[in-house]
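Enquirer: This is the structure, below, for whatever I ask next.
Nothing in this text is a laboratory measurement; each read-out follows from the coordinates by a stated rule. It should be emphasised that the depicted structure is a prediction, and the values quoted were computed from it without experimental measurement. Counting neighbours? That spans all protein chains shown, and the Cβs are built from the backbone with ideal geometry, glycine included.
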Amino acid sequence: MSNYGCRLIETPIGKLYIIVSKNGVTQVTDQEMIENNYVGKKYLDDSEVFFKNYFKGLQTKPPNIDYEGISNYRRVVSQILLKKINFGAVISYSNLGILANNPRSSRSIGTVMRKNPCPILIPCHRVIKSNNEMGNYSFKSGLKTKKWLLEHEGIMIKKNVVYKI
């Protein structure tokens, strides 16, 4: 038996596969996987509720994230995003660095966002450049997906510039 559970969730941005351990969600991916509800069923169920509500425009508590194997810095930055940057809000890479007690860390924040194993759950799409440009996004269709997610949350974007902060 596998040490991980997996569930396919159909969303407006395409198929998402949620991978969980016995401790929480370990990954959100668009790579096709074989479903398995034997491990972490509670976290799979919680994830399904979260994503269904998220795509209905409802703020919902995310399921538990399993940070096993994640560096302390990546964990701290991810937890700040989860706790402080709510649905419909954005933060710049540099301001996120300040909140993580590393004020000159815009590049390392970008790396943390790029390596985020749980996009949308850990809302890296809400991190933008300090000049209000959207910045990069490495999940699914890149900036097209980031723009869709931000607009879904009520943020106005014109020519890749965020107007509601």
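Enquirer: Using the Karplus equation 6.51 cos²θ - 1.76 cosθ + 1.60 (θ = phi - 60°), what ³J(HN,Hα) coupling, rounded to whole Hz, does each residue of the range 107-119 give in order, writing x for Gly and Pro?
Expert: Working through the residues one at a time gives 5, 5, 4, x, 5, 4, 5, 5, 9, 4, x, 10, x Hz.
Enquirer: Before rounding to the nearest 500, sum -39500 (n - 2.57) across all DSSP H runs of length at least 4 in the chain and divide by the residue total; then give [θ] at 222 nm in deg cm²/dmol. Mind showing how you got there, number by number?
Expert: On the way: 5 runs with 54 residues, N = 165.
Theoretical 222 nm ellipticity from helices: -10000 deg cm²/dmol.
Enquirer: Charges only on Cβ, +1 for Lys and Arg, -1 for Asp and Glu: so what's the dipole of the range 5-55 about the Cα centre, in debye to the nearest 20?
Expert: The dipole of the range 5-55 has a size of about 180 debye.
Enquirer: Now, a different point. Taking the Cα centre as origin and putting +1 on Lys and Arg beta-carbons and -1 on Asp and Glu beta-carbons, what dipole magnitude results for the chain, to the nearest 20 debye?
Expert: Computed charge dipole of the chain: roughly 620 debye.
Enquirer: Can you compute the charge dipole magnitude of the range 72-162 about its Cα centre, using +1 on each Lys and Arg Cβ and -1 on each Asp and Glu Cβ, nothing else charged? Give it in debye, rounded to the nearest 20.
Expert: Around 240 debye, computed over the range 72-162.
Enquirer: Going by average Cβ density within 10 Å per residue, which order do the peptides 124-132, 87-95, 10-18 take, highest to lowest?
Expert: 124-132, 87-95, 10-18
Enquirer: Continuing with this model, one more query. Suppose we take every Cα in the range 72-162 and form the convex hull; what volume per residue is that in Å³?
Expert: Hull volume over Cα atoms, normalised by residue count, gives 79 Å³.
Enquirer: Could I ask something else about it? Provide the gained length on full extension for the span K15 to E35, in nm with one decimal, where the gain is 0.36 nm per separating residue minus the Cα-Cα distance. Each step should come with its number before you reach the end.
Expert: Details: separation 20, 0.36 × 20 = 7.20 nm, distance 1.25 nm.
My answer for the length gained is 6.0 nm.
Enquirer: Hey, rough spin-label estimate for K61 and N3, points 7 angstrom out along Cα→Cβ, what's it come to in nanometres?
Expert: Between K61 and N3, the simple spin-label model gives 2.8 nm.
Enquirer: For the chain, build the charge dipole from Cβ charges (+1 Lys, Arg; -1 Asp, Glu) around the Cα centre, then report which of V90, L150, I120 sits farthest towards its positive end.
Expert: V90
Enquirer: Just to verify a number: FRET efficiency for K52 and N160, C-beta to C-beta distance, R0 = 30 Å, to 0.05?
Expert: It comes out at approximately 0.55.
Enquirer: Can you bin the range 5-55 into rounded, prolate or oblate? Criterion: square roots of the alpha carbon gyration tensor eigenvalues sorted a ≥ b ≥ c, rounded for a/c under 1.5, prolate for a/b above b/c, oblate for the rest.
Expert: oblate
Enquirer: Just report the Cα centroid separation between the range 46-104 and the range 142-165, whole Å.
Expert: A separation of 17 Å, based on Cα centres.
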